[in-house]
Amino acid sequence: MHWCKQCTDLLQVDVIEAQSSVLSQCIANAQDFSEAERAHETFMDAVVTQSFLDMKAISQMLEGIFSLCQRLCGFVQVRPN
């Protein structure tokens, strides 16, 4: 469970929040809509890449790990005391 928490924290702080900051700055400096749109595309590409979503094998492994963790939590929650 600790690994899942660490992984989601890493994605939130090191990927999404960091890239959101870059996106906000680019949008603030954009001269027109197309610049803002390109900034958003760059943001999405960075999030996908840094989250390993563009690497099918790694993405599937991570999905499997999270699924197993959810199943384990379900077993622990329904276990009689």
task = Among the residues of segment 1-35, write down those that are free of Cβ contacts under 8 Å to residues at least 24 places away in the same chain and of a type in the set (D, E, K, R).
result = Lys5, Asp9, Glu17, Asp32, Glu35
key: Filter result (assigned to a helix (DSSP H, G or I) and of a type in the set (Asp, Glu)) within segment 8-35   = Asp9, Asp14, Glu17, Glu35
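Per-residue answers, yes or no, for (1) on the phi < 0 side of the Ramachandran plot; (2) part of a helix (DSSP H, G or I); (3) free of Cβ contacts under 8 Å to residues at least 60 places away in the same chain; (4) surrounded by 11 or more Cβ atoms within 10 Å (Cβ to Cβ):
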| residue | (1), (2), (3), (4) |
| --- | --- |
| Glu37 | yes, yes, yes, yes |
| Val48 | yes, yes, yes, yes |
| Leu53 | yes, no, yes, yes |
| Met61 | yes, yes, yes, yes |
| Cys73 | yes, yes, no, yes |
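Laboratory data are not the source of any read-out in this text; all were calculated from the coordinates shown. This is a predicted model, so every value here is computed, not measured. Don't worry about glycine lacking a Cβ; one is built from the backbone with ideal geometry, like all the others, and counts go over all protein chains shown.
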